[in-house]
Amino acid sequence: MPGKVVIVGAGPGDPTLITVKALEAIRAADVIVYDRLIPTELLSQAKPGAVKIYVGKEPQKREMSQEEINELLVKLAQEGKLVVRLKGGDPYTFGRGEEECEFLVSNNVECEVVPGIPSFVGASAYAGIPLAGRGFASSFAVITGHLAEGKDVREYLERVRGLAQAADMLIILMGVKNFDLILTEIAKVRGWDEPAAAVMWATTERQLTVAGTMSSLLDAWRRGVIINPAVIYVGRGINERVKLWRRGIEYST
């Protein structure tokens, strides 16, 4: 029988935020190929004898390249195995799930995708930061802070400024490395007094929320307070958090 790959979103970090369908796939898998930021508790749901392969990418360090991961998924499926590719957050939200699925399909391997709660959605809820609502935000934009090799930096920064003008709430993923560069561009539109927050290790027991203005957040980053993994928010919606129930450690700058 031909194998199959199910690309599964594990959610933002709290293992209880996994969907029923995702959990069923994990329990049925012959092989689980998993990333760094998945809730590792989920691996205990695998059936006896299931093989677990770590392929997580860390800053300045990689277990496997994306190309090697693609080839591995094809190889395992061609051996007739049911493979779960377990990713943090949602596979199609800056998760490279689309790249892997396209490669699988191009090699005649069946691919199914199970969505997960994106990290920026989970982080906002657990930190008490609404993304949109009457009176403070009618739109939000999600930006990747990761500058891929070969990307035009000037074009990227122009898009950041454009989104800072167009959207009420800005959300930056994978932005810690280029934190100062990104915030400087947003400040050209919003000013340094704009409310801002960073949520690290969102929805886990390690969650830490740092809140203040863009200026104070930049200072916190320079002092090493803001580290990976973090979701960064910029906008008036952050002021609403003082009225809402919050979880995790709070650190106001």
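Beta bridges assigned by DSSP with both partners in the chain are antiparallel in approximately 40 percent of cases.
A cut-off under 15 angstrom between Cβ atoms defines the neighbours of Gly3, and their net charge, with Lys, Arg +1 and Asp, Glu -1, is -2. Every Cα-Cα pair in segment 53-145 was counted, and those over 18 Å apart are 56% of them. For segment 108-219, the Kirkwood estimate of hydrodynamic radius, built from reciprocal distances between every pair of different alpha carbons, is 15.4 Å. What's the lysine pair count for segment 1-123 at a Cα cut-off below 14 Å, pairs eight or more apart or interchain? The result is 6.
Inter-part distance, segment 192-206 to segment 1-47, computed on C-alpha centroids, equals 26 Å.
The convex hull around the C-alpha trace of segment 152-205, projected and averaged over every direction, spans 4.4 square nanometres. Please report, to two decimal places, log10 I(q)/I(0) for segment 159-253 at q = 0.12, 0.16, 0.18, 0.20 Å⁻¹ as given by the Debye formula with identical point scatterers on the Cα atoms and no solvent. Once normalised to I(0) and log-transformed, intensities are -0.33, -0.59, -0.76, -0.94. Size of segment 110-157 from its Cα atoms: along the principal axes, largest to smallest, the extents are 39, 39, 18 Å.
Using the empirical formula 2.2 N^0.38 Å as the baseline, the Cα radius of gyration of segment 1-92 reaches a ratio of 1.02.
Taking label positions 7 Å along the Cα-Cβ direction at both Glu102 and Asp193, the computed distance is 4.5 nm, reported to one decimal.
Placing dummy labels 7 Å off each Cα toward the beta-carbon, the span from Ser139 to Glu110 is 4.2 nm. First obtain the Kirkwood hydrodynamic radius of the chain from its Cα pairs, then insert it into the Stokes-Einstein equation at 37 °C and 0.692 mPa s, and state the resulting D in µm² per second as a whole number. Result for D is 172 µm²/s.
FYI, it's all coordinate maths here, none of it is from the lab. What you see is a predicted model; the values in this text were computed from it and never measured. FYI the Cβ positions are ideal-geometry reconstructions off the backbone, even for glycines, and counts take in every protein chain you see.
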